[in-house]
Amino acid sequence: MATMVQAIRLALHVGEERLGVTDIFGEDVGPPLGGVFTQTQGLKTAWNTPLDERGVVGMAMGLALAGQRPVGEIQFCDYAFNTIDLLKLAGGVCWSSYGDFNCPMVLMTPVGAGIRGSIYHSHSFDAQASRLPGWKIVMPSNPKDAYGLLLSAIVDPNPVMYLAPKALLRVKARPGEEIPGEPGDDKALSKMIDAPLGDRSAWRPDWPKVEDLFVEIGKARVARVGRHVTVVTYGRDVNVAVAAADDLAKDGVDVEVIDLRSIHPYDWDAIKASVKKTNRVLFLNEDTEVTNFGEHLLRRTVEELFYELHAPPRLHAGAHIPGIGLADNLEHASVPQKDSVLAVLREIVAHVP
Amino acid sequence: MATMVQAIRLALHVGEERLGVTDIFGEDVGPPLGGVFTQTQGLKTAWNTPLDERGVVGMAMGLALAGQRPVGEIQFCDYAFNTIDLLKLAGGVCWSSYGDFNCPMVLMTPVGAGIRGSIYHSHSFDAQASRLPGWKIVMPSNPKDAYGLLLSAIVDPNPVMYLAPKALLRVKARPGEEIPGEPGDDKALSKMIDAPLGDRSAWRPDWPKVEDLFVEIGKARVARVGRHVTVVTYGRDVNVAVAAADDLAKDGVDVEVIDLRSIHPYDWDAIKASVKKTNRVLFLNEDTEVTNFGEHLLRRTVEELFYELHAPPRLHAGAHIPGIGLADNLEHASVPQKDSVLAVLREIVAHVP
Amino acid sequence: MTVSSTLTSPKENRQLAPELLLQVHELMVKARVLEERLITMYKQGDGFFWIGGPGEEAFNVPLGLLVHKGQGPEFDYLHLHYRSSATMLAMGADPVDSLRQMKNTATDPYSGGRNFVNHYSIRKWNVVPVSSPIEVQFSMAPGTALANKRFPGGKGITIVQGGDAGTAEGDFATCLVWSSRKGAELPVLMVVTNNQWGISTAYDGQHGETRVSDRGKAFGMMTQTIDGNDPESAYFSLKAAMDYVRTERRPFLLEVMVSRLYGHSSASGANYVREEDDCLAKTEQKLVERKLKTRQELDDFRAKYTQELLAASKRVREEPMPKGDDIYRHVFATKNVVGPQDGRS
Amino acid sequence: MTVSSTLTSPKENRQLAPELLLQVHELMVKARVLEERLITMYKQGDGFFWIGGPGEEAFNVPLGLLVHKGQGPEFDYLHLHYRSSATMLAMGADPVDSLRQMKNTATDPYSGGRNFVNHYSIRKWNVVPVSSPIEVQFSMAPGTALANKRFPGGKGITIVQGGDAGTAEGDFATCLVWSSRKGAELPVLMVVTNNQWGISTAYDGQHGETRVSDRGKAFGMMTQTIDGNDPESAYFSLKAAMDYVRTERRPFLLEVMVSRLYGHSSASGANYVREEDDCLAKTEQKLVERKLKTRQELDDFRAKYTQELLAASKRVREEPMPKGDDIYRHVFATKNVVGPQDGRS
Ligand SMILES: Cc1ncc(C[n+]2csc(CCOP(=O)(O)OP(=O)(O)O)c2C)c(N)n1
Ligand SMILES: Cc1ncc(C[n+]2csc(CCOP(=O)(O)OP(=O)(O)O)c2C)c(N)n1
Ligand SMILES: [Mg+2]
Ligand SMILES: [Mg+2]
């Protein structure tokens, strides 16, 4: 069972071999390191760039406009905030030129807290990304979706941002989350595609023959079926929500968890169907809570489903503070944790209309 | 009666003379032009910078950290999107250093549509700005508030962003919106402080003795009192909302318009009091509607005032598209207009709970 | 070739063949008349904003003529400034399309009435969309240049152009850094059209560099500063620089001293500035001196063309305007028009 | 003074007075031992991440000693890199505070347990908060330098320091542009500590410049590249550069060749790299050769200090950790601590 990092690497390999990917690049993306999370090890088109995020985004745009298939990486999303103008520009290429050009680039970046990354390795990017018209935004919560969403991102004719939840990168797939064609045995897979420690100059990966799997952009996944309350979330918080749901099940509360997978365009039908069933909803994510993407979903819920709601819809998100502090207690207090999710869910469920 | 541009100029003059402002700077801010909207004409500390927004923000931060009182300008907010990382950094100076440093800078920038500015002179910045913890964000809707908010921004020990609604810059104050001490006669004022056309090298302004007026950051203003429905808005849309309200009054509908003035921190008490009174609310602004600051206000309203609401609360905001098109019809269709505001208000009021 | 940081070296004072000079001149006139028409349209309320390139024709026309024109990485990519109308005309663009963009009609082929005039997009000639934010094109240029470079046997290069004030943006440095990496040099011609102004801000006082082109030197780049007011020396210098980039597949930083003949834009009045050198007047003087044209012929040609564009602008007035519900069109592309259809190779 | 783009010129091979050299050495040892203690803390789970400056002591100690230290624009401002521990110690910082930041205790005076180790903030010495994003300090430095410049009769300057890879960011160019404007030059000492690496990425292949310092030349700046592994030549070169900036009130770009002795950070293992020059070992050899210290004395001193820090780290373990509800503290400042209280003059 692949980890998410391995899933990304396999998808990029398929991208290079079968989907026309011409360039995979960013800071420390090429040899010898192959990415600060090892996500780009052994890829034949991976190369190291200068330390310049604006250059990375500009390079991706230029390559895309010239009909190449670039996959650029920003090492941590915390360092993408000096490129918002370029991201807006990329999102506007097709619209501004009235369809004359499109800009088929993928931009990957690790996001979120959970690894004691302190102020500048813990940022979320979903709210910011959702404010970039013309972009598609995806965020997997498990290795299989990581693989399938990346293949879809690569073939999409639009700029696609691929947000990888940092805290899940090394988590292994669970049963049912296999990538079609991956060797069943973890050790075997690792031996094939993980670079050895030490000198790697002679190492070459031995790629397994993985199959196509396109997870459609814009389609959510029901991560857990339930009847009493809906949690709409994505990325790392899918697992948090499922864990909280498992706890609540002991109290007879049956939680449905929707893993959005795509932040834009998002699967409104899936949200609507679930809220109509449960009549109670929590929007959950790690980003700071003022002008948060969950607030958009909540607004739409209120506008379209007001009379379906048996309790005020809720948002549970990150604290509105300048960063996430390093010490354990600080990180815990800054982004949703299982306990805090449980507390909010209990309130929602206890609410008497 | 001063225009908003004159009000800003007068406030900056007071800043220089009495509040310790050391530098007013940005692209074309100094002589000979004194700002693309003439807002910085005749100011003794105004100077022209290189064409580099990151440098402008960095200069302001450096000056502030060294105990100066800088007022930097980004010529159009459309060109501030390559500085978001620096803005985040400025917002985090105090928090990250655990209070060791503060960063007392003001950043002014014109925002919004309404002047046929096409894709890159029509952007809003309120949603983006509201996502910058550690910043205070203000946005006046008339010359008096423009003056009073700027004085407050200047003396605040925190970074304050001053969003000036482009379409209102040349609009004159209405009765009751006088700046204390300004000459009653428009022509007299213009003669004193507007630079002449042509060669200005010998021109010096003759400043009127305007008085202190500090509009408190975080305090809203009721722009129009009403009983049936509340509009929470700011900047250019205050006038749009009031005009729509005047129209609706003919149908016997009594609209309350709250001019937020401060986007962060915002005056929740004022919103709450009004919604409790009217039980219906519209959040109105020009920014793109996905992950919009009005959605934050709406979310809080739903969380705290769910059972006070006699109709689903609504957001009316800009279209979620990459830019605002130049042609009349395109601009009109992209941001709220009086007619579209009227239509939404009618729906809210017609709603039978 | 001569590479120097001084203005035109003597050996570049060569003459263009008469036919070529006449062709250059004709395009210069057309470009100038087009800009004057656009300004008049603005002043008469047939458009909201004007910005353009009168004063840069002596350089921009040769640029358009020397481009290796076509679609895809075997051809030149152009990342242009909003003053590049003469380059567009020299490449063969229809001036009426500029009138359409000025009037923001639905028929504007560059942006469907969405963008300001002189913001082109012509995929079939590798002219990537011109956008208003200053200098961002310099961050993108290395990307198209890399595509040029890896095209087998290709001679296509990337040309990126911007103003003097804009070189203060970090993106200009990004282009210097990314195109000169040792062993990975890119075929980019960086052009700085130096008119000594950024809106109201003079060059002096904002620059530590005596010559903008000097900034390439630390990166081991070829650099040159040339006079952009003489189409002949501009042509020869530009050709030499382009040949170098085309052949050596390495970057070149070319600074071109030009005039800003109608001020910054309509925001600053868009009136003719007598103090600036007028390259068209100088070129016409040359033609008269070399007896290639008489004053009368020159005046007649200009008058005739002026009439044509006036007539065209009247026709454009009748063309349909965009509809409001058009705003959601092309937010997303439904297919890949810049490369292989679904990315599969 | 000598300004060159070559490594140390002979006349800088002067010797420091023995007392000064011994002082420099002592601080170098303290800085090295501190970093080794921090690394050990990381490896033992007393902290989540280590990054720091072992290998840069021969330059960073002289820098700390030469700073004109104090609060406000009459003194030097420091915009430092995350490898500046030796500079901090030379200025008089308490090494135990670094242990506290490593352990993210509530007692960490630089960030209250919020930031990574070696991210200082010391207002009383004009050390502005160090932040993780590479190169942003180069955009802020012109601001403090302008405050320095306008202080009446002031001799304070701004020192801004960053790595070699980071010079690819536009912010490095911003500092070059803003500090060299003709007639408005700023007293900034730009320091690039070139260890030839950006995490895993080698200098070669990413740079067109042979020397980073060459990038200052186009801006008419004084520039120099020096050996940062010898504290004596580093001291003299640095002093000359600082004196120039202090006296002339103009910028200087100084590139310092240094070693990265424990790799990039804990993320890359934080193990001693034998292939790199060790400036401390070289300095100790000098001391022995000049008979200023015996090997035994040196070893004893280091062992004693190592013991002290070990003991301190144990004490730090007992200090309180931040509480969760502390996260909202200092989002807003309630008063102005960097300047006049309410801005009124
Ligand atoms: C990023 C950005 N900042 C500011 C502006 C506003 N602006 C438009 S043109 C201009 C001056 C450009 O000067 P220069 O680069 O010399 O080009 P020129 O207009 O002189 O050809 C400015 C400041 C902009 N368009 N983009
Ligand atoms: C803007 C930004 N991009 C990326 C990173 C991640 N990162 C941290 S250190 C580093 C390499 C820095 O290299 P250099 O500037 O040479 O400094 P050194 O660490 O070698 O002293 C990178 C890429 C960052 N901190 N900030
Ligand atoms: Mg210019
Ligand atoms: Mg380095």
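The values are calculated or read from the model by the stated rules, or taken from the named source; none is laboratory data. What you see is a predicted model, and the numbers here were worked out from it, not measured in a lab. Here the Cβ is made from the backbone with ideal geometry for all residues, glycine too, and neighbour counts use every protein chain on show.
Only one of (1) of a type in the set (Asp, Glu); (2) under 30 Å from A:Leu345 (Cβ atoms); (3) without any contact (Cβ under 8 Å) to a residue 40 or more places away in the chain fails for A:Asp237. Which number is that? Just one mismatch for A:Asp237, condition (3).
When region C:96-116 is examined, which residues are found to be more than 14 Å from chain A (Cβ to nearest Cβ) and assigned to a loop (DSSP other than H, G, I, E, B)? Give the derivation first.
Start the filter on region C:96-116 by keeping residues that are more than 14 Å from chain A (Cβ to nearest Cβ), which leaves C:96, C:98-99, C:102-103.
The answer is C:Lys103, and nothing else.
In region B:185-196 there is no residue matching the filter, namely being part of a loop (DSSP other than H, G, I, E, B), among the hydroxyl-bearing types (Ser, Thr, Tyr) and closer than 18 Å to B:Gly42 by Cα.
With respect to (1) outside any loop (DSSP other than H, G, I, E, B); (2) farther than 14 Å from C:Leu80 by Cα; (3) in contact with an Asp or Glu (Cβ under 9 Å, 6 or more places away or on another chain), the lone exception for C:Lys155 is condition (1). When C:Pro133 is tested against (1) within 16 Å of ligand 3 (Cβ to nearest atom); (2) more than 8 Å from chain A (Cβ to nearest Cβ), only condition (2) is not met.
None of A:Ala129, A:Ala167 is touching a strand residue (DSSP E or B) at 6+ places or on another chain (Cβ under 7 Å) and either part of a helix (DSSP H, G or I) or not polar (S, T, N, Q) (or both) except A:Ala129.
Checking the condition closer than 27 Å to D:His330 by Cα and in contact (Cβ under 8 Å) with a residue 24 or more places away in the chain, which residue from D:Ser121, D:Ser132 passes? First the steps, then the outcome.
Numbers: D:Ser121 fails: in contact (Cβ under 8 Å) with a residue 24 or more places away in the chain.
Matching residue, one of D:Ser121, D:Ser132: D:Ser132.
Among the residues making up region D:170-202, those that are within 10 Å of chain C (Cβ to nearest Cβ) and either within 23 Å of C:Trp178 (Cα to Cα) or within 16 Å of ligand 1 (Cβ to nearest atom) (or both) are D:Gly170, D:Asp171, D:Phe172, D:Ala173, D:Thr174, D:Leu176, D:Val177, D:Trp178, D:Arg181.
Per-residue answers, yes or no, for (1) in contact with a strand residue (DSSP E or B) (Cβ under 8 Å, 6 or more places away or on another chain); (2) at pLDDT 95 or above; (3) more than 19 Å from A:Tyr98 (Cβ to Cβ):
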| position | (1), (2), (3) |
| --- | --- |
| C:Ala93 | yes, yes, no |
| C:Tyr110 | yes, yes, no |
| C:Pro129 | no, yes, no |
| C:Ser139 | no, yes, yes |
| C:Gly162 | yes, yes, yes |
| C:Glu169 | no, yes, yes |
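Determine whether C:Val177 is within 16 Å of ligand 4 (Cβ to nearest atom) and under 20 Å from D:Asp171 (Cα atoms). Considered against the rule, which asks whether it is within 16 Å of ligand 4 (Cβ to nearest atom) and under 20 Å from D:Asp171 (Cα atoms), C:Val177 comes out as yes.
Condition check for B:Asp339 on (1) of a type in the set (Asp, Glu); (2) in contact with a helix residue (DSSP H, G or I) (Cβ under 9 Å, 6 or more places away or on another chain); (3) more than 14 Å from chain C (Cβ to nearest Cβ): one failure, at (3). Per the listing A:Ala188, A:Ala173, A:Ala164, the residue uniquely of a type outside the set (Val, Ile, Thr), crowded, with 24+ Cβ neighbours inside 10 Å and in the same structural domain as A:Gly34 (by TED's automatic domain parsing) is A:Ala164. Just one residue in the set A:Asp251, A:Asp237 is within 11 Å of the chain's Cα centre (by Cα) and among the acidic types (Asp, Glu); that residue is A:Asp237.
Yes/no per residue for (1) crowded, with 23+ Cβ neighbours inside 10 Å; (2) on the phi > 0 side of the Ramachandran plot; (3) of a type in the set (A, V, I, L, M); (4) in contact with a Phe, Trp or Tyr (Cβ under 9 Å, 6 or more places away or on another chain):
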{"position": "D:Val24", "(1), (2), (3), (4)": "yes, no, yes, yes"}
{"position": "D:Glu35", "(1), (2), (3), (4)": "yes, no, no, yes"}
{"position": "D:Gly45", "(1), (2), (3), (4)": "no, yes, no, no"}
{"position": "D:Leu66", "(1), (2), (3), (4)": "no, no, yes, yes"}
{"position": "D:Pro73", "(1), (2), (3), (4)": "yes, no, no, yes"}
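Taking the condition of being surrounded by 13 or more Cβ atoms within 10 Å (Cβ to Cβ) and either more than 22 Å from C:Gly53 (Cα to Cα) or not basic (Lys, Arg) (or both), how many residues in region C:286-296 meet it?
4
Going through (1) in contact (Cβ under 8 Å) with a residue 24 or more places away in the chain; (2) more than 16 Å from the chain's Cα centre (by Cα); (3) over 25 Å from D:Glu135 (Cα atoms) one by one, A:Tyr98 falls short only on (1). Among the criteria (1) under 23 Å from B:Ile84 (Cβ atoms); (2) within 11 Å of chain B (Cβ to nearest Cβ); (3) in contact with a Lys or Arg (Cβ under 7 Å, 6 or more places away or on another chain), the one A:Leu87 does not fulfil is (3). When C:Ala173 is tested against (1) hydrophobic (A, V, I, L, M, F, W, C); (2) within 16 Å of ligand 2 (Cβ to nearest atom); (3) surrounded by fewer than 22 Cβ atoms within 10 Å (Cβ to Cβ), just one condition goes unmet, and that condition is (3). Taking residues in region B:267-279 that are under 13 Å from B:Val302 (Cβ atoms) and at pLDDT 95 or above, and partners anywhere that are polar (S, T, N, Q) and crowded, with 20+ Cβ neighbours inside 10 Å, the pairs with Cβ atoms closer than 8 Å and at least 6 places apart or on different chains are B:Ile271/B:Thr230; B:Ile271/B:Thr301; B:Val275/B:Thr230; B:Val275/B:Thr301.
So for region D:210-226 (the condition being touching a strand residue (DSSP E or B) at 6+ places or on another chain (Cβ under 9 Å), of a type in the set (Lys, Arg), within 14 Å of chain C (Cβ to nearest Cβ) and crowded, with 24+ Cβ neighbours inside 10 Å), does at least one residue qualify? Within region D:210-226 (the criterion being touching a strand residue (DSSP E or B) at 6+ places or on another chain (Cβ under 9 Å), of a type in the set (Lys, Arg), within 14 Å of chain C (Cβ to nearest Cβ) and crowded, with 24+ Cβ neighbours inside 10 Å), the answer is yes, since at least one residue qualifies. Being more than 12 Å from every other protein chain (Cβ to nearest Cβ), under 20 Å from D:Ala241 (Cβ atoms) and either more than 11 Å from the chain's Cα centre (by Cα) or surrounded by 21 or more Cβ atoms within 10 Å (Cβ to Cβ) (or both) is true for just one of D:Ala93, D:Ala58. Which residue is that? None of the other options fit; the residue is D:Ala58. In summary, D:Lys323 fulfils each of the numbered conditions (1) within 14 Å of chain B (Cβ to nearest Cβ); (2) at positive phi with the single exception of condition (2).
Take region B:132-164 and flag every residue that is outside any strand (DSSP E or B) and of a type in the set (Lys, Arg). Steps first, please.
Here is the first cut: in region B:132-164, the ones outside any strand (DSSP E or B) are B:132-135, B:139-159.
The answer is B:Lys144, and nothing else.
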